[in-house]
Amino acid sequence: MAESVIAAVMSQKCYYSRLGVGRDAAEEEIRKAYKKLAIKLHPDRCKLPKAEDAFKRVAQAHETLTDPQKKRIYDQVGEEGLNGGGGANPFGGRGGMHAQHMHAEDIFDIFDILRGQFHSQQHYARQQQARQQQYQQQQQQQRRRQTPNQQFVLNLVNIFPILCVLIVYVLSGFGIERNQSMPFSLDRNSESGFVHERRTKHGKVPYYVRTSFAREYGGSSMMLRDVERKVTSAYQGHLHKKCQAERQQREMRIEKSKAYSNREEMLAKVATAPSLVHPTAGLFASPSQPAHAAHTGPENADA
């Protein structure tokens, strides 16, 4: 919006066209048109390029057309008559715009309008803040007035949609897992219907499916990939359990062999150990037999 206004002002050489009024416009109409444009193009309000230049051109036109003498000269000979042929302009200097060439009434009107708009924005912001605070206070008062049962019911109503979504999700997921928990078997099982052999795309792991497998999973590559992922995982678990069982059996065999080896060593030591007489052998010796004979070993007895 402001861009089009700036372009229109900068393209118009005629002072009347700059302000958007006719040549027969009264002074009051010229002032109103100028105020309207000045509010849009004022440098403090509009930061677009050439906005300040457009504001100066509007002020120049307003200054000329609201001064009876300058207006008469402009209407008779145009802008050249105001410059006097020397390039000077009614603003003095070389085209600079000075506030003293504007009517004090117009300056105060513009700033009053800008200040009024600023105050109106602040007032609107304060109103919005007051409404928000009032709403929060009402909510707090309402919570204080509610009994624990009412508060519980209110909280339940608030979270009821979330609970419904969670319940539906859990039930649907449970149903899917229940229906799809065993769509395959790693072993052929004619009693359960797993008689058709298939192989995974990656790894070529064999597995068996029912006759309805192609109808239920063949049309969806995503579902088929999920089944093959489960097949691979189950096959890896099967191999892991098998390896554990073989490791346990090997450890048991090792332990048995160690025990057998220890037993053989013990028997060999017993067989090679010298014979020992029991300590109580002398207690049962004959009275007529000398005491030293009671302690004689097998070798002395034979002698």
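The values are calculated or read from the model by the stated rules, or taken from the named source; none is laboratory data. None of these values were measured; they are calculated from a predicted model. Heads up, the Cβs are rebuilt from the backbone with ideal geometry, glycines too, and the neighbour counts pull from every protein chain shown. We work out accessible area using only protein heavy atoms, side chains counted, and drop any ligands, DNA or RNA first. Shrake-Rupley method; radii C 1.70, N 1.55, O 1.52, S 1.80 Å.
Details
- Residue identified as modelled with pLDDT of 90 or more and more than 54 Å from the chain's Cα centre (by Cα) among Val21, Val58: Val21
- Scan of segment 33-69 for residues that are over 20 Å from Ser4 (Cβ atoms), part of a helix (DSSP H, G or I) and open to solvent by 50 Å² or more (accessible area, probe 1.4 Å), ordered by number: Pro68, Gln69
- Filtered residues of segment 1-32 (kept if in a loop (DSSP other than H, G, I, E, B) and either among the β-branched types (Val, Ile, Thr) or touching a helix residue (DSSP H, G or I) at 6+ places or on another chain (Cβ under 9 Å) (or both)): Met1, Gln12, Lys13, Cys14, Gly20, Val21, Gly22, Arg23, Ala25
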